[in-house]
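As structure tokens, the structure follows; a few thoughts come after it.
The values are calculated or read from the model by the stated rules, or taken from the named source; none is laboratory data. Remember, it's a predicted structure, so these values are computed and weren't measured experimentally. Every residue, glycine as well, gets a Cβ built from its backbone with ideal geometry; the counts of neighbours run over all protein chains shown.
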Amino acid sequence: MNDNVLEKLKTLAESAKYDVSCASSGTTRGHTKGTIGSTSGWGICHSFTEDGRCVSLLKIMLTNYCMYDCAYCINRRSNDIKRATLSVSELVELTIEFYRRNYIEGLFLSSGVVRNPDYTMERLVRVVKDLRLVHRYNGYIHLKSIPGASQELVNEAGLYADRMSVNIEIPNEASLKRLAPDKNFQSVLQPMQYIQQGALQSLEERKRFRSAPRFVPAGQSTQMIVGATPDTDKDILNLSSYLYQRPTMKRVYYSGYIPVNEYDNRLPALKQPPLVRENRLYQADWLLRFYQFSVDEIVDSSFPNLDLEIDPKLSWALRHPSQFPVDVNVADYELLLRIPGVGVKSAKLIVTSRRFGRLSSWQLKKMGVVMKKAQYFITCNELPMHTINELTPERVRALLTNGTRKVDDAQLLIPFTY
Amino acid sequence: MVVFRYDRSFEGLLTAVFDAYAHHEFPDMLLGEADTPPLFFDEMVRIYTDSEKSTRVWNGLKRRISESALYMLPDAWLSELPGVDMLLFKYMRKAIDAPCSIELNFGDADVMELLKIWKSVDKERLRVIQFVRFQKTVDGMFFACVEPVYNVLPLVLDHFKDRFHDQKWLLYDVKRDYGFFYDERVTTEVHLDAKQWDENGRLNEDSAATDELFFQKLWKGYYSSMTIKERINPRLHRQNLPVRFWKFLPEKRK
């Protein structure tokens, strides 16, 4: 270990940082004698970079040499950047020493493709195998599966990794072909399929034998770049929704395109990354996963893109005024989740508390309901004055998007009478 | 106005609940030993902490509310907020008097308030778990300073005992001047007189391991390379990583 390692670490971190995933959730595994570390089911962030993203895992590449030439990637073959390769012993020591100091929750290992996908995958598998079997490391490992790697290697990797991921990057095959001539959908979806097969098989085996090995217990994730191609949010969300229907897919990440290779004219020239769009996509993703929305309710052919000004749930509510107002004292949990300003937590609080008595607006406020939004969509113990049906969706939209309100309006806005 | 004076311990509070029910007299105000009483009051009741009485109250609560709600009480107590004792008293009284468990009645202001306090204590506990940075000492022990807002050190021990079960560590709360030492078997509460660290929790040069500074440098280098310049967002950064933790984090030090 010397300053040389520091240089390599910096170079490889620079290369790995555009991968969004940093979750360390999904597996709970206590310590066992003779091993180092444990994992906690909810995941722990140990630091946050200045862009506000969490640092939970030591996110690093084994090497940033790459034989592919994907237009959106900083490590593409034709880029003139510093290249480095970490040795297995350096990587293992870094991981364990950082882990022991509580800097990280585990390792996120990925790599540029060297020689061929199988050769690269084999090197990755060797590192995690070494870490698990020789150094008895028991913390979290997220391993990138290389597109085009063979099933045998994915099957072996799955025995040591907690989570595996293959990045789709571009939500549309034609665009992918144009930007990354060496890749196609098949090479990405195939390893996903292998991971899924391995995980399902292991679940089946563990029903019969308690000691059967676990296979990628925290499932798999993937990532899509937003704004590098003309694909609409409808394309992106349809693909995510399709992926979420597959049994082991836990997360789809969206990464606002950051122009790393400005010279490439196949890519749009953006002044700044599409951060708002990325945020809206995450909100829509949450609606799919936790709010029981289906993808056609969020985007359809008449609204192929998400509204950047308001969140997707509010936008759905404004398009469906007939569903409102919802009476929070009687409505089903599913319906409560559809009210703008009510989240999963407050919906659960409402459902449990209303057994004890009728709820009023001040109680809802204390439970964390965002009354600024919710007031137009609910009735509770008090009589509603101005719900969306009296005010019209356009007016509600204007009220919620205008930052400053005039004093005169305030009187009209008192939402409830006692 | 009835005033109860007790020793400001959790057991003392449980004893106060017992005595209140025994004498059918409920306090309007709870005072510690050293607190000045208000100018006018009708009666001052002195509570003598009694483990038998407090155990009876605890067992009684066990029958009335679920375990998860029960353990919110000592956790909320660790917040050390002014007035939390009166809130806990009111909560326990409601729990005892109600015909069925009140723990899910979040429409009730006291139940909601307790949930809020418990949540903020739990959040602080998580933050300590997130932002503890161990430093290796010459004798191979791992040391970290913390300064949590609430007294959450007892709540994080289980996590660290599980995770770092094969290393000796010492967690020290510099604000409350006590800590816990783990010797690879059990944790013991310690109080250190000779402080071998500076105001930023950094170990003195002669007590830190030789490669400690190098690993801090590596971590700092890694951390600064991870930032994507195009996305810098100081507000979000401070929201996720509150400034009060910065002085203990090697990556945030100058």
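Confirm whether residue B:129 is in a loop (DSSP other than H, G, I, E, B) and within 10 Å of chain A (Cβ to nearest Cβ).
Details: in a loop (DSSP other than H, G, I, E, B): no; within 10 Å of chain A (Cβ to nearest Cβ): yes.
No; evaluated as a whole, the condition is false for this residue.
With respect to residue A:173, determine if the residue is closer than 30 Å to residue A:228 by Cα, surrounded by fewer than 17 Cβ atoms within 10 Å (Cβ to Cβ) and at pLDDT below 95.
yes
Which of the residues that make up the range A:14-53 are outside any loop (DSSP other than H, G, I, E, B), touching a strand residue (DSSP E or B) at 6+ places or on another chain (Cβ under 6 Å) and within 7 Å of chain B (Cβ to nearest Cβ)?
Step one: list which residues in the range A:14-53 are outside any loop (DSSP other than H, G, I, E, B), which gives A:14-16, A:29, A:36, A:39, A:47-48.
Now narrow it down to the ones that are touching a strand residue (DSSP E or B) at 6+ places or on another chain (Cβ under 6 Å): A:15-16, A:29, A:36, A:39, A:47-48.
Result: A:36, A:47, A:48.
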Members of the range B:65-74 that are part of a helix (DSSP H, G or I), touching a helix residue (DSSP H, G or I) at 6+ places or on another chain (Cβ under 7 Å) and surrounded by 20 or more Cβ atoms within 10 Å (Cβ to Cβ)
B:72, B:73
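In this structure, is residue A:109 assigned to a strand (DSSP E or B) and at negative phi? Outline the logic, then answer.
Working: assigned to a strand (DSSP E or B): yes; at negative phi: yes.
Here the answer is yes, as residue A:109 does meet what is asked.
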Residue, farthest from the chain's Cα centre (by Cα), within the range A:344-359, restricted to residues that are more than 18 Å from residue B:95 (Cβ to Cβ) and facing chain B (nearest Cβ under 9 Å):
A:358
If we take the range A:313-399, then helices (runs of 4 or more DSSP H) inside it with 2 or more residues that are at pLDDT below 90 and of a type outside the set (Gly, Ala, Ser) are A:388-391
Listed by range, helices (runs of 4 or more DSSP H) wholly within the range B:141-254 having at least 1 residues that are more than 8 Å from every other protein chain (Cβ to nearest Cβ) and either among the aliphatic types (A, V, I, L, M) or touching a residue at least 12 places away in the same chain (Cβ under 8 Å) (or both) are B:153-163, B:212-226
Can you tell me which residue is farthest from the other protein chains (Cβ to nearest Cβ) among those in the range B:86-103 that are more than 19 Å from residue B:2 (Cα to Cα) and surrounded by fewer than 19 Cβ atoms within 10 Å (Cβ to Cβ)?
B:96
So which of A:245, A:196 ends up being out of contact with any Ser or Thr (no Cβ under 8 Å at 6 or more places or on another chain), of a type outside the set (D, E, K, R), surrounded by fewer than 21 Cβ atoms within 10 Å (Cβ to Cβ) and within 28 Å of residue A:159 (Cα to Cα)?
A:245
